[in-house]
Amino acid sequence: MSAISRRGALFVLSSPSGAGKTTLARRLLVESPGLTLSVSATTRPKREGEVDGADYHFVTPEGFAAMAAGGALLEHAEVFGLRYGTPRAPVETWLAEGRDVLFDVDWQGARQLRGSALGADVASVFILPPSIAELDRRLRARNLDAPETVARRMAKARDEIAHCPEYDYVVVNDDLDASAATLRAILAAERARRARLTGLDAFLADLT
Ligand SMILES: Nc1ncnc2c1ncn2[C@@H]1O[C@H](COP(=O)(O)OP(=O)(O)OP(=O)(O)O)[C@@H](O)[C@H]1O
Ligand SMILES: Nc1nc2c(ncn2[C@@H]2O[C@H](COP(=O)(O)O)[C@@H](O)[C@H]2O)c(=O)[nH]1
């Protein structure tokens, strides 16, 4: 009997800063086996508690420019005046192994991934905050950024939200457990997409 296998999915999360995508991404990685996080490169300074290589690859502006120029990034963008990008090699390896890869990128990154050679396997989810006031509260309560950084991120929130219609799914992150459950359900459905399966025709032919 022929076997059905599946191409790996690129599971992309975006949101305005502070809506909760990093929190939800961490939950999903624990609760949905077989999902691997794409660790981005960035020129942003490390926040307290962040680990190089786990949260981000923290690189110099020169190092980032060399990666971008050498084609080592699958996508890259400037966000809040800093540079962020997705290292290409690990993603290509994981997808070739049939693993699903999780991306926490802004709308520019999501758009580039959709437009890439891997675009057919992208499933994108936009995480919305329940309100702008709650977004502001979360950014302050997170207590990781200076007040001027929080203000800059709030000023950009509406621009990011304006790109919500480009996404396949929208999740309003009010209750964290409910949002995590919705993301698990979306991932499960995406994994079963017929278009992602390989070997289906041979399997069906063997059945007859
Ligand atoms: N559903 C929720 N209810 C209440 N607080 C939440 C919820 N989801 C996330 N938070 C909190 O909101 C803050 C921002 O969350 P998080 O850092 O995950 O946001 P983010 O979208 O990844 O931001 P950034 O883009 O800046 O990385 C955190 O302190 C997190 O614990
Ligand atoms: N286009 C990309 N955007 C990225 C990437 N990694 C993170 N991000 C986005 O940047 C902002 C800010 O993140 P923070 O950790 O500094 O708060 C957020 O919207 C992320 O989604 C990337 O590789 N490419």
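The values are calculated or read from the model by the stated rules, or taken from the named source; none is laboratory data. For clarity, every value in this text was computed on a predicted model and none was experimentally measured. In this analysis, Cβ positions are derived from the backbone assuming ideal geometry, glycine residues included, and neighbour counts consider all displayed protein chains.
Numbers at a glance
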read-out	value
Any pair with Cβ under 6 angstrom, 6 or more apart, that starts in segment 16-40 at a residue that is under 20 Å from PHE58 (Cα atoms) and ends at one that is of a type in the set (Ser, Thr, Tyr)	LYS21/SER15; SER38/THR86; SER40/TYR56; SER40/TYR84; SER40/THR86
Filter result (within 9 Å of ligand 2 (Cβ to nearest atom) and either surrounded by 14 or more Cβ atoms within 10 Å (Cβ to Cβ) or within 16 Å of VAL39 (Cα to Cα) (or both)) within segment 66-78	LEU73, LEU74, GLU75, HIS76, ALA77
Number of positions in segment 176-199 that are out of contact with any Ser or Thr (no Cβ under 6 Å at 6 or more places or on another chain) and either surrounded by 15 or more Cβ atoms within 10 Å (Cβ to Cβ) or outside any helix (DSSP H, G or I) (or both)	11
Number of the exception - ALA133 against (1) part of a helix (DSSP H, G or I); (2) within 15 Å of ligand 2 (Cβ to nearest atom); (3) closer than 22 Å to CYS164 by Cα	(2)
Residues of segment 105-114 satisfying the condition of being more than 11 Å from the chain's Cα centre (by Cα) and either over 17 Å from GLY8 (Cα atoms) or among the hydrophobic types (A, V, I, L, M, F, W, C) (or both)	GLN108, ARG111, GLN112
Test: SER40 is under 25 Å from LEU95 (Cβ atoms), at pLDDT below 95 and either near ligand 2 (Cβ under 10 Å from one of its atoms) or surrounded by fewer than 13 Cβ atoms within 10 Å (Cβ to Cβ) (or both)	no
Residues that are surrounded by fewer than 16 Cβ atoms within 10 Å (Cβ to Cβ) and in a helix (DSSP H, G or I), drawn from segment 156-172	LYS156, ARG158, ASP159, CYS164, PRO165, GLU166
Unique residue being modelled with pLDDT under 95, surrounded by 13 or more Cβ atoms within 10 Å (Cβ to Cβ) and among the polar types (S, T, N, Q) when the list is THR208, THR149	THR149
Residues that are surrounded by 13 or more Cβ atoms within 10 Å (Cβ to Cβ) and in a helix (DSSP H, G or I), drawn from segment 101-130	TRP107, GLN108, GLY109, ALA110, ARG111, GLN112, LEU113, ARG114, ASP121
Among (1) touching an Asp or Glu at 6+ places or on another chain (Cβ under 6 Å); (2) of a type in the set (Val, Ile, Thr); (3) closer than 25 Å to ARG184 by Cα, the one test that VAL105 misses	(1)
One residue from ALA3, ALA54, ALA89 being away from ligand 1 (no atom under 16 Å from the Cβ), more than 23 Å from ASP177 (Cβ to Cβ) and free of Cβ contacts under 8 Å to residues at least 24 places away in the same chain	ALA89
Residues of segment 79-112 classified as within 16 Å of GLU160 (Cβ to Cβ) and either more than 15 Å from ligand 2 (Cβ to nearest atom) or modelled with pLDDT of 95 or more (or both), total	12
Of the criteria (1) farther than 23 Å from ALA72 by Cα; (2) among the basic types (Lys, Arg); (3) over 13 Å from the mean Cα position of the chain (by Cα), which one LYS46 fails	(1)
